[in-house]
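Novice: Have a look at the structure that comes next, please.
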Amino acid sequence: MLKLRPVAKAAFLGVGLAVIAAGPALAKKDRSHQAVDLDPDQRGVVSGVGIEGQDLGRMADQMVRDLMANPEISNRATPPRIILDSSDLRNQSSQRIDKDIITDELRGKLMGAARGKMRFVSREFIAAVEQERALKRDGVVDSGTTGLTRATAGADYKLVGKITSLDSRNNDTGMQERLTVISLEMLDLEYGTLVWNGTYKIRRAGADDVVYR
């Protein structure tokens, strides 16, 4: 049986009592850091000077209104076919961001508002389309309910754009400021002309910044 010297025994008991005494405080700290549900359209408890969740919905709403008010896109007799993904959205800003979260939000809201006035072409999953077309033409599966076409859908327009930013910092106060500009354009894929442009600006300042991932 292990025997402790008086000094070691006292130290051991002291550590044990300290852990027991700190137990309620540690438990309280853990409870205060439990996950909570937040409104995605409101500023969160962790925020900085960059693009954040509440900005995405507001930006998408503004750009949907602008696109629906453009007669060259929304009032055509034949609904235009549009590629709306992040493949030609360049991030040149100082913030790291998943560009898909911007285009996915915009595409979802635009599809709901367009109600058939626009058609959206998916090039992200073109491999799945080509695989199914090959199975149909090889007789492995039937033609489905929409029949066969000579080729997959070509697109009239594609969303392109870039994200830029301008940062400044006061080393004396620790305050920093960032202007973020998201500029999106609709590119005519036949003529190379631009038929729409939308710009969304965010300007914020703060003493502390967060890490965006």
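Novice: Does THR78 fit the bill of being under 30 Å from GLY154 (Cα atoms), without any contact (Cβ under 8 Å) to a residue 12 or more places away in the chain and hydroxyl-bearing (Ser, Thr, Tyr)?
Specialist: Considered against the rule, which asks whether it is under 30 Å from GLY154 (Cα atoms), without any contact (Cβ under 8 Å) to a residue 12 or more places away in the chain and hydroxyl-bearing (Ser, Thr, Tyr), THR78 comes out as yes.
Novice: Look at the stretch 64-90 and say how many of its residues are surrounded by 19 or more Cβ atoms within 10 Å (Cβ to Cβ) and over 20 Å from LEU189 (Cα atoms).
Specialist: The number of residues fulfilling the criteria is 1.
Novice: Keeping to the stretch 51-84, report how many residues are within 19 Å of the chain's Cα centre (by Cα) and of a type in the set (D, E, K, R).
Specialist: Adding up the residues that qualify gives 4.
Novice: On the basis of being open to solvent by 30 Å² or more (accessible area, probe 1.4 Å), under 29 Å from ILE73 (Cβ atoms), without any contact (Cβ under 8 Å) to a residue 12 or more places away in the chain and not aromatic (Phe, Trp, Tyr), does GLY192 make the cut?
Specialist: The answer is yes for GLY192.
Novice: Keeping to the stretch 143-185, report how many residues are open to solvent by 60 Å² or more (accessible area, probe 1.4 Å), of a type in the set (Asp, Glu) and either closer than 18 Å to GLN62 by Cα or free of Cβ contacts under 8 Å to residues at least 60 places away in the same chain (or both).
Specialist: Of the residues in the stretch 143-185, 1 are open to solvent by 60 Å² or more (accessible area, probe 1.4 Å), of a type in the set (Asp, Glu) and either closer than 18 Å to GLN62 by Cα or free of Cβ contacts under 8 Å to residues at least 60 places away in the same chain (or both).
Novice: Taking the residues in the stretch 91-140 that are in contact with a Pro (Cβ under 9 Å, 6 or more places away or on another chain) and in contact (Cβ under 8 Å) with a residue 40 or more places away in the chain as candidates, determine which candidate is most open to solvent (accessible area, probe 1.4 Å).
Specialist: Going through the qualifying residues, I end up with ARG119.
Novice: Of all residues in the stretch 161-183, which are among the charged types (D, E, K, R) and outside any loop (DSSP other than H, G, I, E, B)?
Specialist: Of everything in the stretch 161-183, those that are among the charged types (D, E, K, R) and outside any loop (DSSP other than H, G, I, E, B) turn out to be LYS162, ASP167, ARG169, GLU177, ARG178.
The values are calculated or read from the model by the stated rules, or taken from the named source; none is laboratory data. No experiment lies behind these values; they were computed from the predicted model shown. We place every Cβ from the backbone using ideal geometry, glycine too, and count neighbours over all the protein chains shown. To get the accessible areas, we keep the full protein, side chains included, count just its heavy atoms, and leave off ligands, DNA and RNA. Shrake-Rupley method; radii C 1.70, N 1.55, O 1.52, S 1.80 Å.
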